[in-house]
Amino acid sequence: MSILVTGGAGFIGSHFVLDWLHGSDETVINLDALTYAGNPANLASLAGDPRHVFVHGDIADRSLLEQLLSQHRPRALVHFAAESHVDRSIHGPGEFMRTNVQGSFSLLEAVRAHWSGLDADAKAAFRFHHVSTDEVFGSLAPADPAFTEDHGYAPNSPYSASKAASDHLVRAWHHTYGLPVLTSHCSNNYGPLHFPEKLIPLMIVNALDGKPLPVYGDGQQIRDWLYVADHCSAIRAVLAGGRPGQTYNIGGCNEIANLEIVHQVCALLDELRPDPLGPYARLIRFVADRPGHDRRYAIDARKIERELGWRPAETFASGIRKTVRWYLDNPDWIASVRSGAYRDWLGKQYGTPAG
Ligand code: NAD
Ligand code: TYD
């Protein structure tokens, strides 16, 4: 038996593949285009492991998908591959439409063709798990209740609009063709192996370099923070017990404002790697706000707890400590992801000189 994972060299996908092979002998076929966000070094510990079959390719490549599906006959697919960074989607939405919308469409069509040819038992057992985001629901006011699975869609960024589009395709492929799909909406993940363009890893690596810590607007935007290993355990639970056609919210029970996150990261660094020049919070700089910046996301994750018995294992305090420690212990990984393309991105987004 095997499962097919897309985007398994990215942040969450690589954790999922590593966790999966830690707890199961079922082979993982890992299809990843290795964009700037895909990092084979994340999977280095699997070198030589026959249970991990890495395929360098694009989810929009229909013939490659057909070949992989007929060769490996996976019993399930977990779809992580996406362009995932809101700020990049503001600078250049085209790639988000190509991968998140067109790529997801190609994947659905290839899987539908494969699934249609299975025998009745295999058809019923097959699962297509689509990894979505809470951002498709839009922005909440301070006193609004958290997003439930029934919350209306109101995506505000090119990224969230492209993810919403893919969610709708997945839903339609279930309703129209009967494809046994599962969709999960998770909140902001954090943890080791996180590419330092997103808030938490960017703050850690900038602080260690003595560089400014750029906080957008007033820093009072709120996100729910989910430790990446908890996200992986939730996906496993949904894959194993989720009802086809259903959607499941996955949250960390940690609604925290951005500025508070940055202060917590600084305080941990002050404790674990004190800077002789003074507290890291001295590096905080308020910069221009993100256009269309969503003010608050919050996740009501009671359905997955009620139906599948899942709850996050980490508190934010325990997860952020593990995360900061990991970055302190892995300077080689940090150096390896800071290619010329990464420096070009920092220049474009923050106007900082390369380096
Ligand atoms: P990531 O950007 O770290 O990784 C994405 C991976 O997809 C990379 O390995 C990249 O090479 C691969 N990829 C991109 N385009 C591809 C294509 N056309 N074909 C094949 N592979 C391609 O993303 P992530 O943070 O690991 O997020 C994974 C999924 O989870 C995404 O679908 C994202 O929308 C969703 N999600 C992420 C978060 C978060 O906080 N990181 C929160 C909610 C939902
Ligand atoms: P990010 O990690 O990009 O995730 P998302 O936009 O998907 O929530 O950003 C998290 C929050 O941090 C978001 O409100 C934007 C903010 N932010 C900053 O204030 N400064 C930064 O340099 C970055 C990257 C994000």
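The values are calculated or read from the model by the stated rules, or taken from the named source; none is laboratory data. None of the values given here were measured: they were computed from a predicted structure. Backbone-built Cβ (ideal geometry, glycine too); neighbour counts: all protein chains shown. Side chains are part of the model used for accessible areas, which takes the heavy atoms of the whole protein and leaves out ligands, DNA and RNA. Shrake-Rupley method; radii C 1.70, N 1.55, O 1.52, S 1.80 Å.
Here are the numbers for this structure:
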| quantity | calculated |
| --- | --- |
| Test: Asn189 is within 16 Å of ligand 1 (Cβ to nearest atom), among the polar types (S, T, N, Q) and either at pLDDT below 95 or under 30 Å from Ile3 (Cα atoms) (or both) | yes |
| Some residue of the range 330-348 being surrounded by 15 or more Cβ atoms within 10 Å (Cβ to Cβ), in contact with a strand residue (DSSP E or B) (Cβ under 9 Å, 6 or more places away or on another chain) and part of a helix (DSSP H, G or I) | no |
| Given (1) within 16 Å of the chain's Cα centre (by Cα); (2) without any contact (Cβ under 8 Å) to a residue 60 or more places away in the chain, index of the condition Asp119 fails | (1) |
| Residue that is most open to solvent (accessible area, probe 1.4 Å), among those in the range 123-154 that are of a type outside the set (Asp, Glu) and within 12 Å of ligand 2 (Cβ to nearest atom) | Ser139 |
| Members of the range 26-56 that are open to solvent by less than 50 Å² (accessible area, probe 1.4 Å) and of a type in the set (Gly, Ala, Ser) | Ala33, Ala37, Gly38 |
| Some residue of the range 180-192 being out of contact with any strand residue (DSSP E or B) (no Cβ under 8 Å at 6 or more places or on another chain) and open to solvent by 10 Å² or more (accessible area, probe 1.4 Å) | yes |
| Qualifying position, being open to solvent by 10 Å² or more (accessible area, probe 1.4 Å), modelled with pLDDT of 95 or more and within 20 Å of Trp310 (Cα to Cα), among Leu239, Leu259, Leu277, Leu226 | Leu239 |
| Number of the condition not met by Leu77 [criteria: (1) more than 10 Å from ligand 1 (Cβ to nearest atom); (2) open to solvent by 10 Å² or more (accessible area, probe 1.4 Å); (3) farther than 30 Å from Gly351 by Cβ; (4) in contact (Cβ under 8 Å) with a residue 60 or more places away in the chain] | (2) |
| Close pairs from the range 197-225: first over 14 Å from Trp345 (Cβ atoms) and touching a residue at least 12 places away in the same chain (Cβ under 8 Å), partner in a strand (DSSP E or B) and of a type in the set (Lys, Arg), Cβ under 6 Å, at least 6 apart | Pro212/Arg285; Ile222/Arg296 |
